[in-house]
1. Consider L12 against the criteria (1) more than 19 Å from R67 (Cα to Cα); (2) open to solvent by less than 100 Å² (accessible area, probe 1.4 Å); (3) at pLDDT 90 or above: it satisfies all of them except one. Which criterion is unmet?
2. Looking only at the stretch 62-81, which residues are among the charged types (D, E, K, R) and buried (at least 17 other Cβ atoms within 10 Å of the Cβ)?
3. Would you mind finding the one in T49, T62, T56 that is in a helix (DSSP H, G or I), more than 13 Å from the chain's Cα centre (by Cα) and hydroxyl-bearing (S, T, Y)?
4. Does any residue of the stretch 156-169 turn out to be of a type outside the set (F, W, Y), touching a strand residue (DSSP E or B) at 6+ places or on another chain (Cβ under 7 Å) and surrounded by 13 or more Cβ atoms within 10 Å (Cβ to Cβ)?
Amino acid sequence: MPRALPTWMAALKRAGGNRQPSGPLPSGVRRGYALPDPNVIANVENETTRAFMLLTYLKLRTILHYRLQSSVFEPLAAPVWRRVLGLELHGSKGDGWAAKAHEEVRQELSKCIEAGSMQGSVDLSNLSTASATWQGEQLQPNVLPAQHVCREILWELFETNFRYEFLALDRLCY
């Protein structure tokens, strides 16, 4: 791993860099991601799985961004985001872990809709037939988009998570 930049190291020391990142968090602070960690998608070796995860994010993108503005918003851990992104891949039939994951995600997204006083409910049963769009273009189902499109989507995830972390840090420090 490359060495940290001296400027960043000095800033970390001034901000209290003696705290261990994996140690206990201050009260009221939760560890997690605002949106899926892009590495969860980018590091999947199987191209079909990566395509399903990326397209599932795009299908849920509107409600996930709405969720960020909700009064009941809480960051989610990487394993939870893996379940969200794997919803379409693993299906929801039966009473196994996939059906349970479907229900957990549906409840999480429904909380945000209810908190925003919106009418309706979250129905994930039609996720496989929903279309995935990016920048107004409808993407082919079950096919990994072009490399530049994948980069744009992952960039959005990185940037949104960075902005969330920056705001969380600001709230914690001030």
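The values are calculated or read from the model by the stated rules, or taken from the named source; none is laboratory data. Values in this document were obtained by computation on a predicted structure and should not be read as measured data. As a convention, Cβ positions derive from the backbone with ideal geometry for all residues, glycine included, and neighbour counts pool all protein chains shown. To get the accessible areas, we keep the full protein, side chains included, count just its heavy atoms, and leave off ligands, DNA and RNA. Shrake-Rupley method; radii C 1.70, N 1.55, O 1.52, S 1.80 Å.
1. Going through (1) more than 19 Å from R67 (Cα to Cα); (2) open to solvent by less than 100 Å² (accessible area, probe 1.4 Å); (3) at pLDDT 90 or above one by one, L12 breaks only (3).
2. Taking the stretch 62-81 as the starting set, the residues that turn out to be among the charged types (D, E, K, R) are 67, 74.
Hit for the stretch 62-81 is R67, nothing else.
3. Numbers: T62 fails: more than 13 Å from the chain's Cα centre (by Cα); T56 fails: more than 13 Å from the chain's Cα centre (by Cα).
One residue alone meets the criteria, T49.
4. In the first step, residues of the stretch 156-169 are kept if they are of a type outside the set (F, W, Y); the result is 156-157, 159-161, 163, 165, 167-169.
Okay, now just the ones that are also touching a strand residue (DSSP E or B) at 6+ places or on another chain (Cβ under 7 Å), so 161.
Filter once more, keeping what is surrounded by 13 or more Cβ atoms within 10 Å (Cβ to Cβ): 161.
Within the stretch 156-169, one or more residues are of a type outside the set (F, W, Y), touching a strand residue (DSSP E or B) at 6+ places or on another chain (Cβ under 7 Å) and surrounded by 13 or more Cβ atoms within 10 Å (Cβ to Cβ).
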